[in-house]
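Enquirer: Have a look at this one.
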Amino acid sequence: MKKLLIANRGEIACRIMRGAKALGIRSVAVYSDADAEALHARVADEAVCIGGLTAAESYLDVGKIIAACKQSGADALHPGYGFLSENSGFAAAVEEAGITFVGPPPEAIRLMGDKLEAKRIAAEAGVPVIPGRPEAMESADAAAEAAADIGYPVLLKAQAGGGGRGMRIARDEAECRAGFEQAVREAEAAFADGRVFVEKYLERPRHIEVQILADGHGSAVHLGERECSIQRRYQKVIEEAPSPFVTPEMRIEMGQAAVSLAKAIGYRSAGTVEFVVDASGSFHLLEMNTRLQVEHPITEWIAGIDLVQWMLRIAAGEALDFSQEDVELKGWSMEARICAEDPERDFLPAAGRLVRWLPPAAGPALRLDAGVEEGDEASVYYDSLIAKLVVYGQDRNQAAARLAAALDNFAVEGPATNVLFLASLARHPRFVAGDLTTAFIGEEYPEGFRPGDDGNAALTQLLGAVTVMAQDRAARMTPSGWTESVLLADGEEVRLKRKWENGCVSVRFGRRIYRLESGWRPFEPIARCKVRVPNGAGLTGGEMFFVVQRDGLGVTVSHAGAKREFVYLPPRSARLKGRMAARPAHLGVTVLNAPMPGVLTQLRVEEGEEVKTGQEIGVIEAMKMENSLRSPRDGHIRQIAVSPGDNLETNQLILRYE
């Protein structure tokens, strides 16, 4: 193996290139027209343009990928994850072209890609499976009949799917019928296979998966489990290894089940067997992913094994040089997925240029797998994942604390990202306690994520103190005695006193005094401070990171999943307060604009129609997911400005109300 083509993009393509380079293998990137300036195309030893904008026109085009192998002289191909990674026909075509496929045999991919066939094989191998109807549903009527037999709630699931696409929960017949149509459309768009089956939906389970490695010489081992229960719309958000729920006995039992399934299909390469686990510890097969997982770095860290390198070595014919008894899991690792999406707008996909991209520095306990650099584009055409932040600790508490601190030390400007939401999750008391289920986000954030609405007065005061520090330093005002100033927080006046002493500022709110020591310089986006907080404030103090964005007298400060906007008026500027424009009153919604860029695939209303608040207006497809567009008000539609099939930009006019 001399030259490896990576049939993928983004962070996983960059990650595979690093693994190949460590083994002395040259890398070849492929890129679409939309990715002409993408990081993976820039860092590869060679890059081949395969044209097109959408995934179907580029990374899902088998002919173009194989032609790129021949053009570049690549003798091996790694599919990464997503796209064609679990397409048995693609793996077979690669091998037929005389190119080494870095992954399992095509037949193993086919067997596990057919979710119903996978269930049958697993049952024969003694692996518990979820109850369901073992056939693809031909229609919404058939799905509703099957659901009635199984008993609600049920899960409608794409037979060729993964990553949450082509999946819908149904709790009654109406939801089943509507969900079937949506699941079929998503499955056809994502996998070119619209088959959907029905199985029992297990309420509030844990999602726990087992990593396996198998060579072509009959050896297979498992590398422990990963806890992947923190999910939204079946997309994993934070993963960790090991699981805080799994006992040593469970680990052995689940690991043996995973290895048994791998051996039953003659598996070779890295793979993951996913289980749903109830509160009693009973587990059922969810599916087997016949590829490298997004969350593979956390297993690499606790097992001390480079999975990408072993995939390459196994594909080259090497045998595993260790046995199950040699696998030793040490410490704890967590991964947070950094996505271009807006948590404050129901996690709608975001796109645009990353004007500022300042992640925390990598080190002995922190790793960043990124597919972007500052100035790069978060594309509307592909998945929203742009990076993965991975930390390591001696135990779970240390890993969680490091993850929270690292997320506080992450500044992004441009398209919206979920960094602040992840920081909130990492500090959530229930997360810290390890009380996790797949329902976690829905239960703990039922109204969505609102970083300014947590009602924590002490945290608001601390962020106000950071604002005082930032604006005083920018204005070179460091009074030595207690001086009165004013903060405007959402239009509310907050009076405070502050003084500077030996490069530190003390800020007094009533009887509470916050003391900050910082080497922060004006216009830096990250403030690293040593903080002393008053007793009874409910804050820990110590070294903290804050993201600071200044705009004249206005400052936005973020920390620990919270974000506050202030206007700071030192004494000589207090007279400006009376001239500050009040926020305009809400005059009522008169238009509906596109909340994200994407394709308007469906429009369900007409001009002149009366609509109700929450009524579905249409469907926008963005980043391979369908997003329902709903009316924000009751009203009469006066004008519709778009048509199905239109490519919409963020805030583009869709309709006007009377």
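The values are calculated or read from the model by the stated rules, or taken from the named source; none is laboratory data. Quick caveat: nothing in here was measured; it's all calculated off a predicted structure. Ideal geometry is used to build each Cβ from the backbone, glycine not excepted, and the neighbour counts take in all protein chains shown. Surface accessibility is based on the protein's heavy atoms, side chains included, excluding ligands, DNA and RNA. Shrake-Rupley method; radii C 1.70, N 1.55, O 1.52, S 1.80 Å.
Enquirer: How large is the dipole of the stretch 173-289 about the Cα centre if only Lys and Arg carry +1 and Asp and Glu carry -1, each at its Cβ, rounded to the nearest 20 debye?
Expert: Working: 13 positive and 19 negative charges, 27 e Å.
The dipole of the stretch 173-289 has a size of about 140 debye.
Enquirer: If you consider only alpha-carbon coordinates, what radius of gyration and Dmax does the stretch 619-658 have, in Å?
Expert: Every Cα atom of the stretch 619-658 included, Rg and Dmax give 11.3, 33 Å.
Enquirer: For LEU655, LEU385, what's the largest-to-smallest order of accessible area, 1.4 Å probe? Write out the running numbers ahead of the final one.
Expert: On the way: LEU655 0, LEU385 25 Å².
Order by accessible area, largest first: LEU385, LEU655.
Enquirer: Shifting gears a bit: Could you state the angle between the C-alpha long axis of helix 115-124 and the longest principal axis of the C-alpha atoms of the chain, as a value from 0 to 90 degrees rounded to the nearest 10?
Expert: Its long axis makes an angle of about 60 degrees.
Enquirer: Also, quick follow-up: Measure nothing fancy, just the Cα-based angle from helix 248-264's long axis to the longest principal axis of the chain, in degrees from 0 to 90, nearest 10.
Expert: 40
Enquirer: Continuing with this model, one more query. Let me have the 222 nm mean residue ellipticity of the chain computed from DSSP H runs of 4+ only, each contributing -39500 (n - 2.57), with the sum over all residues rounded to the nearest 500.
Expert: -7500 deg cm²/dmol
Enquirer: May I ask you to evaluate 6.51 cos²θ - 1.76 cosθ + 1.60, the Karplus curve with θ = phi - 60°, for each residue of the stretch 126-138 and list the ³J(HN,Hα) values in order in whole Hz, giving x for glycine and proline?
Expert: x, 9, x, 10, 7, x, x, 8, x, 7, 6, 7, 7
Enquirer: Also, I was wondering about something else. What is the calculated FRET efficiency for ALA192 to GLU344, with r their C-beta to C-beta distance and R₀ = 41 Å, to the nearest 0.05?
Expert: The pair ALA192/GLU344 has a calculated efficiency of 0.75.
Enquirer: Here's another thing I want to ask about it. Starting from the Cα-Cα distance between ASP321 and LEU358, subtract it from 0.36 nm times their residue separation and give me the gain in nm to one decimal.
Expert: 9.4 nm
Enquirer: Follow-up question, since we're still on this one. So, for the stretch 448-521, what is the accessible surface per residue at a probe of 1.4 Å, expressed in square angstrom? Before the final figure, lay out the partial values.
Expert: Numbers: 3600 Å² over 74 residues.
Value returned for the stretch 448-521: 49 Å² of accessible area per residue.
Enquirer: Moving on. Between Rg and the Kirkwood Rh of the stretch 78-237, both from Cα atoms, what is the Rg to Rh ratio?
Expert: Value, to two decimals: 0.99.
Enquirer: Sticking with this one: Hey, rough spin-label estimate for ARG656 and LEU553, points 7 angstrom out along Cα→Cβ, what's it come to in nanometres?
Expert: Placing both labels 7 Å along Cα→Cβ, they lie 3.6 nm apart.
Enquirer: Using only the alpha-carbon atoms, how far is helix 457-475 inclined from the longest principal axis of the chain? Give it as 0 to 90 degrees, nearest 10.
Expert: 70
Enquirer: Keeping the other protein chains in place, figure out the carbon and sulfur percent of the accessible area of the stretch 147-276, with a 1.4 Å probe.
Expert: The nonpolar share, carbon plus sulfur, comes to 51 percent.
Enquirer: Tabulate in residue order the Karplus-calculated ³J(HN,Hα) for the stretch 200-205, using 6.51 cos²θ - 1.76 cosθ + 1.60 with θ = phi - 60°, rounded to whole Hz; enter x for Gly and Pro.
Expert: 5, 8, 8, 6, 6, x
Enquirer: Run the Debye formula on the Cα coordinates of the stretch 281-359, all scatterers equal and no solvent, and tell me log10 I(q)/I(0) at q = 0.23 1/Å.
Expert: -1.22
Enquirer: Find me the longest stretch of the chain that has none of the exposed trypsin sites (Lys or Arg not before Pro), where exposed means in a DSSP loop (not H, G, I, E or B) with at most 10 other Cβ atoms within 10 Å.
Expert: 3-475
Enquirer: Near the amide H of LEU553, under 5 Å away, which other amide H atoms are found, from residues 5 or more places off or on another chain, if H is placed in the peptide plane?
Expert: Distant-sequence amide H within range of LEU553: zero hits.
Enquirer: Of all DSSP beta bridges located in the chain, what percent are antiparallel, nearest 5? Could the numbers behind the result be given before it?
Expert: On the way: 125 of 139 bridges.
Restricted to the chain, the bridges split so that about 90 percent are antiparallel.
Enquirer: Also, I was wondering about something else. Once phi is turned into θ = phi - 60°, what whole-Hz ³J(HN,Hα) does the Karplus curve with 6.51, -1.76 and 1.60 give for every residue of the stretch 139-154, x standing for Gly and Pro?
Expert: 7, 5, 4, 5, 5, 5, 5, 5, 4, 5, 5, 6, x, 6, x, 10
Enquirer: Treating the Cα atoms of the chain as identical point scatterers in vacuum, please give the log10 of the normalised Debye intensity I(q)/I(0) at q = 0.11 Å⁻¹, two decimals.
Expert: Normalising to I(0) and taking log10 leaves -1.18.
Enquirer: For the chain, what is the relative contact order in percent, using Cα pairs closer than 8 Å and at least 6 residues apart in sequence?
Expert: This gives 10 percent for the chain.
Enquirer: Now, a different point. I'm checking a number: the convex hull volume of the Cα atoms of the stretch 27-135, normalised per residue, in Å³. What is it? Spell out each step's value before the answer.
Expert: Working: hull volume 13.9 nm³, N = 109.
Each residue corresponds to 128 Å³ of Cα convex hull volume.
Enquirer: Follow-up. Distance from a point 7 Å along Cα→Cβ of ILE252 to each backbone N in the stretch 191-232: keep the residues under 19 Å and list them by number.
Expert: 210-211, 220-226
Enquirer: A further question follows. Using modelled backbone amide H atoms (1.01 Å from N, in-plane), which distant-in-sequence or interchain residues come within less than 5 Å of ASN8's amide H?
Expert: Counting only residues 5 or more places away or on other chains, the set is VAL30.
Enquirer: Identify all lysines with a Cα-Cα distance to LYS530 below 22 Å; exclude those on the same chain that are fewer than 8 residues away in sequence.
Expert: Qualifying lysines at Cα under 22 Å: LYS497, LYS499, LYS563.
Enquirer: Please label the shape of the stretch 376-472 as rounded, prolate or oblate, based on the square roots a ≥ b ≥ c of the eigenvalues of the alpha-carbon gyration tensor (a/c under 1.5 means rounded; beyond that, a/b larger than b/c means prolate, else oblate). Write down the numbers at each step before the final one.
Expert: Numbers: a/c = 1.35, a/b = 1.07, b/c = 1.27.
Taking the square roots of the gyration eigenvalues as a ≥ b ≥ c, the stretch 376-472 is rounded.
Enquirer: Among the listed pairs LYS64/LYS157; LYS115/LYS263; LYS115/LYS200; LYS21/LYS64; LYS21/LYS330, give every one whose C-alpha distance is greater than 19 Å.
Expert: The answer is LYS64/LYS157; LYS21/LYS64; LYS21/LYS330.
Enquirer: Compactness ratio of the stretch 317-458: Cα Rg over 2.2 N^0.38 Å, N = residue count?
Expert: That works out to 1.20 for the stretch 317-458.
Enquirer: Report the accessible area of ILE302, computed with a 1.4 Å probe over the heavy atoms of all protein chains in place, in Å² rounded to the nearest 10.
Expert: 10
Enquirer: How much accessible area per residue does the stretch 20-66 have, counting only protein heavy atoms and a probe of 1.4 Å, in square angstrom?
Expert: Per residue, the stretch 20-66 has 43 Å² of solvent-accessible surface.
Enquirer: Under 13 Å from a label point 7 Å along Cα→Cβ of ALA22: give me every residue in the stretch 303-347 with its amide N that close.
Expert: The answer is 303-313, whose backbone nitrogens lie closer than 13 Å to the label point.
Enquirer: Using only the Cα atoms of the stretch 322-364, each taken as one equal point scatterer with no solvent, compute I(q) by the Debye sum, divide by I(0), and report log10 of the ratio at q = 0.23, 0.26, 0.32 Å⁻¹.
Expert: -1.00, -1.11, -1.16
Enquirer: Got a sec? Charge dipole of the chain, +1 on Cβ for Lys and Arg, -1 for Asp and Glu; which of GLY24, GLY481, VAL531 is way out at the positive end?
Expert: Of the candidates, GLY481 comes out farthest on the positive side.
Enquirer: While we're on this one: Dividing the convex hull volume of the alpha carbon atoms of the stretch 165-304 by its residue count, what do you get in Å³ per residue?
Expert: Expressed per residue, the convex hull around the Cα atoms of the stretch 165-304 is 124 Å³.
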